[in-house]
Amino acid sequence: MALFLQTTFLTSSSSLRQKPCLSSWASRISTSRIRTPARVHAKIREIFMPALSSTMTEGKIVSWVKSEGDKLSKGESVVVVESDKADMDVETFYDGYLAAIMVEEGGVAAVGSAIALLAESPEEIEEAKSKAASSSPATSPAPAAAAAAAPVSPVSESTTGSGAVEKAVVVTPPSPSVVASAVHPASDGGKRVVASPYAKKLAKDLKVDLGRVIGSGPNGRIVAKDVEAAAAVASELGSPAAKVSAAPAVQAPPGIELGSVVPFTTMQGAVCRNMVESLSVPAFRVGYTITTDALDALYKKVKSKGVTMTALLAKATALALVKHLVINSSCRDGNSFTYNSSVNIAVAVAMDGGLITPVLQDADKVDIYSLSRKWKELVDKARAKQLQPQEYNTGTFTLSNLGMFGVDRFDAILPPGTGAIMAVGASQPTVVGTKDGRIGMKNQMQVNVTADHRVIYGADLAAFLQTLAKIIEDPKDLTF
């Protein structure tokens, strides 16, 4: 569902100051029954920084899609905002003119603070600019209550007085064409090029050919510093930026200045808050060794069909959770816990400057082939910062896998709002004793589960891990 930004309605005459309406419903009713257009000579609306997620306290302006003075039509994208987890397009909910931009690209504003002014007609643009010049946007984090009070109803509201609330902008997921261009653009050579929205805008302004720039982000994702480096190299060589080749200087990220203090990015700040919050939960850890010979053999058979090991592990975990529902539960208020109605497996994914957990929803019910396709789609969207909130904040159990890096075992930190997280290590050949008393070789992996001890006990985890081991060691049910 689209989220609506709260806006302040200003009249063109500063001398007319009426009290704000007592309620939005009263405003709507009075407006619909009594039409007094003569009393409203002009409208200037403040566009506020939206709350794009329940944990967002501030947002960063990635890029302004429109410029000051541009005419806007309902549904047009105005600005791209970076939240704590993704980049989102903000669309206008009204026709009008972008009169004044109060927070420039790269700037950060608290949720609920004004980032721009929207004028109803060209005559109000200059007045809006003067209002913007006389006021400065709030940069301190807004109270959580203000974010929670942001209206989400699609009903339009307006009054004739100053101070009344009117919704001016709607935040919606990017259109299919926007997502496609962000996730699957192609260069002249036919290679995939993934770039952040801000990098794309910089490339356009600096006339840098993204198809010739090598990104320094995960999986070659192009970020703003790569575009700036490419433009700098082109300038030094005296050739147009559009002709920049993949020089070694472009590949190398800018040097790190030792002793410098680097502020957190928006995503790093969100991760920091979540990790600190997790310290308040009494957690404990249980480890288990699982033989993976059968799972490895199954993976070799189905890999050519697009099945991923992540999907296999998620499916096995989901089937085990169905038999141990308390491991899929969660405690949020310290007074009760919830048996979650769905088994949604969140999987940790490293990103440029942070971490995110795309969610495989209803993993116990989805077949392994569809689950693998969905996982690949989520990873692409995550690294292009195009995930929607329901795609990363609905997990009921989390997987963190460092096995691909050769890590044999580790402990994971419990994400707030979930009951357990499982850390998966690498599967390695191990000398073991067989049932007939001989010595043999088997592939084994170590899994460590961190759980909320307010809800889950040691015996619960032990039983869950035994079930998981049986599924992985005899994985015939994973492909059905």
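List of remarks:
- The set of residues from region 320-332 being surrounded by fewer than 16 Cβ atoms within 10 Å (Cβ to Cβ) and either part of a loop (DSSP other than H, G, I, E, B) or among the polar types (S, T, N, Q) (or both) comprises just one member, Arg332.
- Options Arg373, Arg409: the member that is surrounded by fewer than 19 Cβ atoms within 10 Å (Cβ to Cβ), of a type in the set (Lys, Arg) and over 27 Å from Leu52 (Cα atoms): Arg409
- Among the residues making up region 444-471, those that are within 31 Å of the chain's Cα centre (by Cα), outside any strand (DSSP E or B) and of a type outside the set (D, E, K, R) are His453, Val455, Ile456, Leu461, Phe464, Leu465, Leu468.
- Contact annotation: residue pairs with Cβ atoms under 6 Å, 6 or more positions apart or on different chains, pairing a residue in region 202-225 that is open to solvent by less than 20 Å² (accessible area, probe 1.4 Å) with a partner that is of a type in the set (Lys, Arg) and modelled with pLDDT under 80, are Gly215/Arg221.
- Scanning region 414-435 for residues that are in a strand (DSSP E or B) and surrounded by fewer than 22 Cβ atoms within 10 Å (Cβ to Cβ) gives Gln428, Pro429, Thr430, Val431, Val432, Gly433.
- Scope region 326-373; condition over 13 Å from Gly395 (Cα atoms) and of a type in the set (Val, Ile, Thr); matching residues: Val326, Thr338, Val349, Val366, Ile368
- Tabulated pairs, region 434-459, first without any contact (Cβ under 8 Å) to a residue 24 or more places away in the chain, second among the hydrophobic types (A, V, I, L, M, F, W, C), C-beta under 7 angstrom, 6+ apart or interchain: Ile439/Val431; Gly440/Val432; Met441/Val431
- Whichever residue in region 282-313 is of a type in the set (S, T, N, Q) and farther than 19 Å from Val347 by Cβ and, among such residues, is least open to solvent (accessible area, probe 1.4 Å): Thr291
- Put simply, of Val286, Val307 the only residue that is within 29 Å of the chain's Cα centre (by Cα) and either within 18 Å of Gly395 (Cα to Cα) or of a type in the set (Val, Ile, Thr) (or both) is Val307.
- Selected residue (criterion: modelled with the lowest pLDDT) from residues of region 66-102 that are within 20 Å of Lys200 (Cβ to Cβ) and assigned to a loop (DSSP other than H, G, I, E, B): Lys85
- Positions within region 260-277 being in a helix (DSSP H, G or I), open to solvent by less than 70 Å² (accessible area, probe 1.4 Å) and over 15 Å from Thr57 (Cα atoms), in sequence order: Met275
- Answer from Ser113, Ser121, Ser136 - the residue that is modelled with pLDDT under 75 and either of a type outside the set (A, V, I, L, M) or closer than 23 Å to Ser196 by Cβ (or both): Ser136
- Restricting Val379, Val347 to residues that are under 23 Å from Lys323 (Cα atoms) and β-branched (Val, Ile, Thr) narrows the list to Val347.
- Applying the set (1) open to solvent by less than 40 Å² (accessible area, probe 1.4 Å); (2) in a loop (DSSP other than H, G, I, E, B) to Ala316 leaves exactly one unmet item: (2).
- In this structure, Ala86 does not satisfy being at negative phi, open to solvent by less than 10 Å² (accessible area, probe 1.4 Å) and more than 21 Å from the chain's Cα centre (by Cα).
- Selected residue (only one of Val286, Val281, Val271 is at pLDDT 80 or above, touching a helix residue (DSSP H, G or I) at 6+ places or on another chain (Cβ under 8 Å) and not hydroxyl-bearing (Ser, Thr, Tyr)): Val286
The values are calculated or read from the model by the stated rules, or taken from the named source; none is laboratory data. Please read these numbers as outputs of a predicted model, since none were measured by experiment. In this analysis, Cβ positions are derived from the backbone assuming ideal geometry, glycine residues included, and neighbour counts consider all displayed protein chains. Side chains included, ligands, DNA and RNA excluded: accessible areas come from the protein's heavy atoms. Shrake-Rupley method; radii C 1.70, N 1.55, O 1.52, S 1.80 Å.
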